[in-house]
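Colleague: I'd like to ask some things about the structure below.
The values are calculated or read from the model by the stated rules, or taken from the named source; none is laboratory data. Worth saying up front: this structure is predicted, and the values here are computed from it rather than measured. Cβ coordinates were reconstructed from backbone atoms using ideal geometry, including for glycine residues, and neighbour counts include every protein chain displayed. Side chains included, ligands, DNA and RNA excluded: accessible areas come from the protein's heavy atoms. Shrake-Rupley method; radii C 1.70, N 1.55, O 1.52, S 1.80 Å.
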Amino acid sequence: MSLLSRLVKAYRGDRLSREIEHLADRGEARASGSVHPYREAAGNSRVVLWLDSLRADFVLAWRRLRKSKVTSAAAILSLALGIGACLAAFQLVDALLLRPLPIAAPDRLYALSRQEFASSGQSTTRDTWQYPLFREMRAAVASQATLIAISDAERVEITFRSDREMERAHVQYVSGDMFDTFGLHAASGRLLSQNDDLQPGAHPVAVVSHDYWSRRFAQDPQVVGRTFRIANNLTGTRIYQIVGVAGVGFTGTEPGKVVDIFLPAMMHWGMSFPEWSLFRTFAHLQPGIPASPVRDHLGATVRAFNDSKANRVKQVLQMDPAPAGVSAMQKNYRTSLASLGVLVVLVLLIACANVANLMTAQAAARTREMALRVSIGAARWRLGQLVLVEAAIIGLFASAVGWCFAQWSAPLVLARVNPPDNPARLSLAMDWRALAFAVVLTLFVSLLFGVAPALRASAIRPVEVLKGGDDPHSRARWMRALIALQAAFCFVVLFVAGLFVATFDRLHGQPNGFSSERIVNIDIVNPKNEPSTLWDQVADHLRTMPGIQAVAYADWPLLDGYGFKTDAISIAGGPPSEVPAWFMNVSPGWLDTMKIPFIAGRDFRPTDLSPGAAIVNEAFARQFFAHENPVGQWFEGTSGWMRGQKFQIVGLVHDARYRYLRQAVLPVAYTPFRRIDARGTMQGGTLVVRTSTSNPLSLASILRTEIPRARSEFRVGNMRTQQELIDSQTIRERLLALLARFFGAVALLLAGVGLYGVLDYSVLQRRREIGIRMALGAQPRDLAVRVTARVFSMVLLGALTGLALGLASVRYIEPLLYQVRSTELPVLVIPSLAILGAAVLAALPAVIRAVKIDPATLLRAE
């Protein structure tokens, strides 16, 4: 019977309704004013009867589920795992990528970026802008849109009382008219205005977020008027006064970070350097203004600005909708969340296939019962409705359990995104969006695994069934097809999981060029420039402490993400290079403390100054000296701060990773921390301490006390072990590997359970055939092959299909991989062996059951 025929029979009207339609067709309905009341009465009667049948089917389905508690619980739990994972993934995706900012008209908010094309044809995208260019762009479209400059949210040291009572807070520099443009209001005091953002350094005022006001000050109304200090290595220490508290809900424009303090853009520490790109730029369009003319005006402004600066780099302005804001976390985790979303959907589909097979098997066991129902007058649509009601009950219970699983798992995943001292912050509240997604997902899942069994139940032929002529093979074919689908999805999940695990292992296990064992990095914040002699005094004092092996200092720790480069250098007076060189100021003994071995030359002496001496790594020698020994030669900076500064190379060391683990080894020149102009160094730096204890943080409290005791000007900031810095750069990879392992194991378990169910059903349907074959002398090995051959062939077909799907998916996840090829033997073999092992384990109970059939007992019973 066709699907259309079943649907027509399922929804055909009763006799009264057909008579009324006949009257209407003949035109008698126009002559009789009593037709519509009858029609309404008939409609109401149908609704009441349908609701009563639905109640009866619900009661019957509930009794059946309670009767098979173990089977029902297995179906509910497998679905709950898939539904809960989908809900958790949706919460993360919604909070990071989809949820609009709590501002006026977020749909009119656009983010500006630029695509730069190098002479080699390679392109890079930048989303930060120089402030002079921002001002010109803002003036160019003033009648069409309001442009807003917003810096990255920085985590800085602030002090409300004494210098020794520092705390860390996220600070963001914003245009003075941001709050007014976004339609935000103050919870206390006032917000920033354009008058606060006119002159660099002129208005040291601040607005705290409502979240920070609640966490830090317990909503104390006296917070308005309080002052705090921020020390910076370029501007010195500035005192800010809190003038207001922002309204509830707004915590900045960077999903993943909660801004604590908003400062005027003109107070930014980099305002003295107009060539620096410091601010993201947002355009908030006026009502009724399309984006294209604004984009054209801004593009023309950028081109004119670059022409005036003789900038030969081709730049193309991009203007993208940003109702949810813009953040680095969005960029870093967009592909990761999409990949995890695909994995959880595949796990959910495997669970749905399992439940569909289960319900098909249960429907097969009730075939004679359903045939009798049809024979005594039950409508076919009632049989389908009964199966759908049973599916709906399973779906509702699974959704409830999945909701609880999502409430637990989503915050757990989010907690692993950032280091513990700087956690990611997202609002994961179950709002109407999550509730709507849960409802739609429940309906989709219930229909997905319930429609096919319901249609098969409604298509039953009672005469054939009661005569024993029902064909079980069509149902078995359907179940085997689902097994192939499960195997394919399971292979994809295991294949992708293998790639993610291999990526983490390669990234985490690669040599970094230095020893991270027992190293603790101590950030130092100084209120003013301190000469290197004071740093030496602190280092000498720490060296006398028990448990300390070595002490040195540098601008920042390795693999902290920081770096300094000059666009070009000149070798021995030659032309400027086409590639940049990277620099780092370090003290004598720093290389030895980090255990970066020398190849040639010497370490810095206390008398070495910068500019003057330099130690370079192998990458520097390869890049600028063609693998020759560079010791004794000199180079000169030709751009930026380094212009005119000459350095003679006194040492050559092995390569060490500088900024990021994924980044290739950079050409780095290490220069003395002590400068020739006697200005000392930048405010702040990092003390690098190698301890003799396995846990360097066990000395944290002692170090916090002893450093200011040696020099009161030195304020201790954050303390991080070198291993923490390395681990922080593998957070995404570790998270993907962990979750992929978990979903791979779940997919394998569900596929094994589904395979067991199909084989068990196959043995049950063929027990008479098996008994006869055994009576005729069939061997157990032959029986095992007959029982498992068809199912195993579907598993093989599914695995091959999964392999093709996995290889096709590699290009979408390639940005997440690191030094891993999809054709590597372990990546291909491990999923195959895992699926084969699961299939063998699932087949064993069915084979044992088949070979234990007693043909004599079976034939006597029949």
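Colleague: Using only Cα atoms, locate the centre of the stretch 185-233 and the centre of the stretch 679-754, then give the distance between them in Å, rounded to an integer.
Modeller: 31
Colleague: What is the sum of charges around Gly513, taking Lys and Arg as +1, Asp and Glu as -1, for the other residues whose C-beta is under 12 Å from the C-beta of Gly513? Display every interim value, and only then the final one.
Modeller: Details: positive: Lys595, Arg657; negative: Glu618, Asp655.
Every neighbour counted, the sum reads 0.
Colleague: Related question: Given a 1.4 angstrom probe, what's the average accessible area per residue across the stretch 637-775, in square angstrom? It would help to have the intermediate numbers written out before the result.
Modeller: Working: 5580 Å² over 139 residues.
With all protein chains present, the stretch 637-775 gives 40 Å² per residue.
Colleague: Another one. Collect residues whose amide H, placed 1.01 Å from N in the peptide plane, falls under 5 Å from the amide H of Gly717; neighbours closer than 5 in sequence don't count.
Modeller: Asp523, Ile524, Val525
Colleague: Taking a ≥ b ≥ c as the square roots of the eigenvalues of the Cα gyration tensor of the stretch 676-805, is the shape rounded (a/c under 1.5), prolate (a/b larger than b/c) or oblate? It would help to have the intermediate numbers written out before the result.
Modeller: Values: a/c = 6.52, a/b = 4.23, b/c = 1.54.
Here the stretch 676-805 falls in the prolate category.
Colleague: Any chance you could look up the accessible area of Thr801 with a 1.4 Å probe, heavy atoms only, rounded to 10 Å²?
Modeller: 60
Colleague: Continuing with this model, one more query. Please work out the FRET efficiency for the pair Arg781 and Leu60, using the Cβ-Cβ distance as r and a Förster radius of 60 Å; give the result to the nearest 0.05. Can you show the working numbers first?
Modeller: Values: r = 44 Å, r/R0 = 0.73.
Using R0 = 60 Å, I get an efficiency of 0.85.
Colleague: Rank by packing, highest mean first: peptides 219-228, 827-836, with packing defined as the count of other Cβ atoms within 10 Å averaged across residues. Working shown, then result.
Modeller: Details: 219-228: 13.4, 827-836: 18.0.
So the peptides 219-228, 827-836, ranked by packing, come out 827-836, 219-228.
Colleague: Now, a different point. Once neighbouring chains are kept in place and the probe is 1.4 Å, which whole percent of the accessible area of the stretch 512-583 is contributed by carbon and sulfur? If you can, show how the numbers build up before the last one.
Modeller: Numbers: 1510 of 2910 Å².
Within the stretch 512-583, the accessible surface is 52 percent carbon and sulfur.
Colleague: Then there is this: Leaving ligands, DNA and RNA out of it, report the carbon-plus-sulfur percent of the accessible area of the stretch 110-229 at a 1.4 Å probe.
Modeller: Working: 2350 of 5400 Å².
Whole-percent figure for carbon plus sulfur exposure: 43.
Colleague: Using 32 Å as the Cα-Cα cut-off, could you pick out the over-long pairs in Lys331/Lys646; Lys595/Lys646; Lys257/Lys646? Kindly include the intermediate steps, with their values, before the conclusion.
Modeller: Values: Lys331/Lys646 39 Å; Lys595/Lys646 27 Å; Lys257/Lys646 41 Å.
Among Lys331/Lys646; Lys595/Lys646; Lys257/Lys646, the Cα-Cα distance tops 32 Å for Lys331/Lys646; Lys257/Lys646.
Colleague: Assuming R0 = 25 Å, what is the FRET efficiency of Thr607 and Arg168, from their Cβ-Cβ distance, to the nearest 0.05? If you can, show how the numbers build up before the last one.
Modeller: Working: r = 37 Å, r/R0 = 1.49.
E between Thr607 and Arg168, to the nearest 0.05, is 0.10.
Colleague: Here's a follow-up. Give me a comma-separated list of calculated 3J(HN,Hα) values for the stretch 334-340, in order, Karplus coefficients 6.51, -1.76, 1.60 applied at θ = phi - 60°, integers in Hz, x for any Gly or Pro.
Modeller: 4, 5, 4, 5, 5, 5, 5
Colleague: Amide H to amide H, which residues 5 or more places from Gln549 or on other chains are under 5 Å from it, using H placed in the peptide plane?
Modeller: Amide H to amide H, under 5 Å and 5 or more residues apart or across chains, Gln549 pairs with Arg690, Thr691, Ser692.
Colleague: Here's another thing I want to ask about it. What number comes out for the charge environment of Ser113, summing +1 per Lys or Arg and -1 per Asp or Glu over other residues with Cβ under 12 Å away? The partial results should precede the final answer.
Modeller: On the way: positive: Arg114, Arg126, Arg280, Arg295, Lys331; negative: Glu116, Asp127, Asp320.
Spelling it out: positives minus negatives among the neighbours equals +2.
Colleague: May I pose another question? How much area per residue is accessible in the stretch 253-353 when the probe is 1.4 Å and only protein heavy atoms are counted (Å²)?
Modeller: Working: 4050 Å² over 101 residues.
Averaged over the residues of the stretch 253-353, the accessible area is 40 Å².
Colleague: Just to make sure I understand: if all protein chains stay in place, what is the order of Trp641, Trp269, Trp478 by accessible area at 1.4 Å, largest first? Show your work: numbers first, answer last.
Modeller: On the way: Trp641 130, Trp269 60, Trp478 85 Å².
Ranked from most to least accessible, the order is Trp641, Trp478, Trp269.
Colleague: Ranked highest first by average number of other Cβ atoms within 10 Å, how do 96-104, 346-354, 508-516, 242-250 line up? The partial results should precede the final answer.
Modeller: Values: 96-104: 16.6, 346-354: 25.4, 508-516: 14.8, 242-250: 19.9.
Most protected by this proxy first, the peptides run 346-354, 242-250, 96-104, 508-516.
Colleague: With Cβ to Cβ distances under 15 Å as the rule, what net charge do the other residues near Thr607 carry (K, R +1; D, E -1)?
Modeller: Numbers: positive: Arg602, Arg605, Arg674, Arg675; negative: Asp536, Asp603, Asp608.
My count for the surroundings of Thr607 gives +1.
Colleague: Highest mean first, what order results for 783-794, 552-563, 56-67 on Cβ atoms within 10 Å? Don't skip to the end; give the middle numbers.
Modeller: On the way: 783-794: 17.7, 552-563: 19.9, 56-67: 13.9.
Ranked by mean Cβ neighbours within 10 Å, highest first: 552-563, 783-794, 56-67.
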